[in-house]
Amino acid sequence: MLSSGRSSFHPLTRNPWNLAWNPGGSSAGAGAAAAAGYGPLHLGTDIGGSVRLPACWNGIFTLKPSLGRVPVDPPYFGRAIGPMTRTVADSALLMAELAKPDSRDYMSLPSATIDWSAGPLEPRGLKIGLLLEAGSGLPVDGEVKAAVEAAARKFADDGASIEPVAPFLSPDMLHLQDLFWRVRSWVDFSALSHARQASVLPFIADWCRGGADVSGAMVIKGVANYMAIRSAATRATQAFDYVLSPVSPVPTYRAEWETPTNDVHRPLEHISFTMPYNMSEQPAASINCGYTKEGKPIGLQIAGHRFDDLGVMRLSRWFEQARGAQKAWPEAPK
C-alpha cells in the first residue's frame, strides 16, 4: 500500500535519478530498475496508482490497463498489472504477451485482437479534458501544474480541443477508500502469528490497525464508495475522448519516507488523480512530461474510456514523439 521503496523485507529501494529520492511504489523495484536500465521490460501491479506513481517519479512509461485486460491471479476490484518501460514501444511489445487470455482470472476480459504496435494517434479533432485539481488530497505543486499545462498545449497545438474537467473525487471519498482498505488489510494482518506481525513494516502495521474497530455499517459504506467513485469518474470523463492530468500532485520525496506526507493518518493524499481510474476500470498511462528545477521527473497521466487501452497507448506514443528528447538516463554510481 506504500507509494515508496520502504520495506521490512528488503533493503531500501532508491530512485536512480538521485539516491536521496524515493522511487515511488508499490512497484518500486520495477520503476527504479527500468530507469536504471536493469533490463528493458518490467511489470508492476496497480490498485490505486502503484505502476503510475513510480513511473511518474522515475521518468518512465507505464499503462494501467482496463480491469481484466491483463489476467491476474487472484483478481480483485481495481487490481491491474501493467508494463513499466523506458519507451511506449517496449510497453506495447510487452502488452502483446500480457494481454493473452488466462482462465484463472475469472474477471478477465474476453480475448481480443489488438495491434499493440499501431502507430501514434494524432490529437487533431480529439476532445481532450484537462484535470488540474482532483478535489481531494494534496494540492498540486506549481512545477507539476506548469509541466502538465505545457503538455496540454502540445496537444492543442496539434489540433486537439482542450477543455477543463471539474474535480470529482471528494475528501470523503478518499477517506472512505482509505478506511475500506485498512479493514481489508487488518483482516489479513490479524490472521498472522505474532512473530509474523512483528516483521511487518511498523508504518503498515499501524495503518492496518486503523481498520480493527470499524463497524459493519461503515464497511458497507466503504463498499458503496467503490461504486460512487466509479460513477463520479465515468460521469466526469465520458464527454471526452481522453483526459490529461498530473499523475501525482507532488514530485518525488525523501527515500526514507513511506508516503509523501509521511503520516499514517494521511497515507493516500497523493493518489487522488490515479485511484479513481482503478475503480472505474478505465485505462490510464503515465508518461514523462518534464522535470522540476531539482531534476525530479514529472508524469503526465493520459486516461481513456474503458477498454480503449490501445487508444491510450497510441496517444502516449504521439506525445512521446511530440515532447522531444528526455534527459539522459541515470548511470550507475562509480
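The values are calculated or read from the model by the stated rules, or taken from the named source; none is laboratory data. As the structure is a computational prediction, the values presented were derived from the model and not from experiment. For neighbour counting, all protein chains shown are included, and Cβ atoms are generated from backbone atoms with ideal geometry for every residue, glycine included.
Only a single item in (1) buried (at least 19 other Cβ atoms within 10 Å of the Cβ); (2) of a type in the set (A, V, I, L, M); (3) assigned to a helix (DSSP H, G or I); (4) touching a helix residue (DSSP H, G or I) at 6+ places or on another chain (Cβ under 8 Å) is not met by Leu169, and it is number (3).
For region 93-110, the count of residues that are closer than 30 Å to Val250 by Cα, in a strand (DSSP E or B), touching a residue at least 12 places away in the same chain (Cβ under 8 Å) and of a type outside the set (Gly, Ala, Ser) is zero.
With respect to being in contact (Cβ under 8 Å) with a residue 60 or more places away in the chain, surrounded by 15 or more Cβ atoms within 10 Å (Cβ to Cβ), under 27 Å from Val219 (Cα atoms) and touching a Lys or Arg at 6+ places or on another chain (Cβ under 9 Å), Phe189 falls outside the description.
Taken together, Leu63, Leu53, Leu43, Leu67 contain a single residue that is surrounded by 24 or more Cβ atoms within 10 Å (Cβ to Cβ), assigned to a strand (DSSP E or B) and not hydroxyl-bearing (Ser, Thr, Tyr), which is Leu63. In this structure, Ala134 does not qualify as at pLDDT 95 or above, assigned to a helix (DSSP H, G or I) and either among the β-branched types (Val, Ile, Thr) or over 23 Å from Ala89 (Cβ atoms) (or both).
Restricting the first member to region 130-158 and to residues that are at negative phi and touching a residue at least 12 places away in the same chain (Cβ under 8 Å), and the second to residues that are of a type in the set (Lys, Arg) and assigned to a loop (DSSP other than H, G, I, E, B), the beta-carbon pairs closer than 8 Å and six or more apart or on different chains are Glu143/Lys293; Ala151/Arg323; Lys154/Arg323; Asp158/Arg124. Of the strands (runs of 3 or more DSSP E) that lie entirely inside region 186-305, those containing 2 or more residues that are hydrophobic (A, V, I, L, M, F, W, C), under 26 Å from Ala166 (Cβ atoms) and within 14 Å of the chain's Cα centre (by Cα) span 284-291, 297-304. Criterion applied to Gly37, Gly44 was being in contact (Cβ under 8 Å) with a residue 24 or more places away in the chain and either in contact with a strand residue (DSSP E or B) (Cβ under 9 Å, 6 or more places away or on another chain) or under 9 Å from Met84 (Cα atoms) (or both), and the one residue passing it is Gly44.
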